[in-house]
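Written below as structure tokens is the structure these notes are about.
The values are calculated or read from the model by the stated rules, or taken from the named source; none is laboratory data. All values reported here derive from a predicted model rather than from experimental measurement. Please note: Cβ atoms are built from the backbone with ideal geometry, for glycine as well, and neighbour counts cover all protein chains shown. Side chains included, ligands, DNA and RNA excluded: accessible areas come from the protein's heavy atoms. Shrake-Rupley method; radii C 1.70, N 1.55, O 1.52, S 1.80 Å.
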Amino acid sequence: MTEPIRVGVLGARGRMGLEVCKAVDGAADMELAAMVDQGDVLFNMEDAHAEVVVDFTTPDVVMDNLRWAIEHGISAVVGTTGFTADRLDQVRSWLAEKPGVGVLIAPNFGIAAVLMMQFAAKAARYFESAEIIEQHHPRKLDAPSGTATRTAQVIAAARAEAGLGPMPDATKEEVAGARGADIDGVRVHAVRSAGLLAHQEVLFGTDGEILTIRHDSLDRVSFMPGVLLAVRNVRSRPGLTIGIDSLLD
Ligand SMILES: NC(=O)C1=CN([C@@H]2O[C@H](COP(=O)(O)OP(=O)(O)OC[C@H]3O[C@@H](n4cnc5c(N)ncnc54)[C@H](OP(=O)(O)O)[C@@H]3O)[C@@H](O)[C@H]2O)C=CC1
Ligand SMILES: O=C(O)C1=N[C@H](C(=O)O)C[C@H](O)C1
């Protein structure tokens, strides 16, 4: 029998971290080697001989964690949000110094969320208008969500490839923010309310027709099959992988 993968969890006492610890603990091919939260010291992770770290912390600290993991030759699965193009370039440059290390960063590990983004990318070329409404629990630190940002980017890329220009919109914003954030020309609206977990609607419109693609995460267990899949595969994919799409094919 092959040895279990030794997994360390960063952000282990957070909402996602707790769920990841449970999932890793319950996976026959993994061993929960280390749990690190704010205030704990990262060398616990090294002492525990973690082979893969899973990071669900905050956009403020994730880059330091990643640099540390890569420098120590530990592959990483990252769910934490806040990855701009500049940040991704920085990760690529760290990885260039450590050719054997894999890093997988996914804005959303939910299989249905991944499909929602794929369906949105497929639909985008057929519609004049596209807007995104993301809805999350009020403890979420960032807006718009990583998922909404990624969805806007893939819609914008599909529109550009199809030669579509800007969306029709004659509105003058009387109050700043009324039309939401503009991500690559796609409007994104962020709702925060008690009772919500993580939800998103992508609204496509053309003459006389609307297509709405909706995704709901009702429980954080929804992210765990994707996280475990990434942990199983990240070491055999050196360099940077974005999203889990390529692992599902
Ligand atoms: N990709 C995906 O599928 C998903 C991504 N997310 C993203 O994951 C991230 C975490 O979300 P969530 O679990 O709800 O947030 P939480 O605030 O519940 O958890 C974050 C945890 O990280 C801890 N932390 C802070 N700094 C450090 C550090 N330097 N080292 C180790 N741990 C640290 C925090 O400690 P303390 O509270 O003491 O500050 C907290 O326990 C967010 O960016 C969120 O958007 C969430 C769900 C799914
Ligand atoms: O903070 C959350 O909760 C979530 N964050 C991710 C995001 O920003 O897209 C994934 C999911 O929406 C839950």
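So Ala178 passes all but one of these: (1) among the aliphatic types (A, V, I, L, M); (2) open to solvent by 90 Å² or more (accessible area, probe 1.4 Å); (3) part of a loop (DSSP other than H, G, I, E, B). Which condition number does it fail?
(2)
Looking only at residues that are surrounded by 14 or more Cβ atoms within 10 Å (Cβ to Cβ) and without any contact (Cβ under 8 Å) to a residue 24 or more places away in the chain in segment 1-21, which one is nearest to ligand 2 (Cβ to nearest atom)?
Only one residue tops the list, namely Leu18.
Looking only at segment 87-98, decide whether some residue is at pLDDT 95 or above, part of a loop (DSSP other than H, G, I, E, B) and open to solvent by 30 Å² or more (accessible area, probe 1.4 Å).
Residues of segment 87-98 at pLDDT 95 or above: 87-98.
If we keep only those that are part of a loop (DSSP other than H, G, I, E, B) too, we end up with 97-98.
Filter once more, keeping what is open to solvent by 30 Å² or more (accessible area, probe 1.4 Å): 97-98.
The answer is yes; a qualifying residue exists.
Report, ordered by the first and then the second residue, all pairs with beta carbons closer than 6 Å, sequence separation of six or more or different chains, a first member in segment 139-153 that is without any contact (Cβ under 8 Å) to a residue 40 or more places away in the chain and among the hydrophobic types (A, V, I, L, M, F, W, C), and a second member that is more than 8 Å from ligand 2 (Cβ to nearest atom) and open to solvent by 70 Å² or more (accessible area, probe 1.4 Å).
Ala152/Asp184
Search segment 45-86 for residues being open to solvent by 10 Å² or more (accessible area, probe 1.4 Å), without any contact (Cβ under 8 Å) to a residue 24 or more places away in the chain and part of a helix (DSSP H, G or I), and hand back the single one that is farthest from ligand 2 (Cβ to nearest atom).
Asp47
Would you mind stating whether Ala121 is within 15 Å of ligand 1 (Cβ to nearest atom) and touching a residue at least 24 places away in the same chain (Cβ under 8 Å)?
Working: within 15 Å of ligand 1 (Cβ to nearest atom): no; touching a residue at least 24 places away in the same chain (Cβ under 8 Å): yes.
In short, no.
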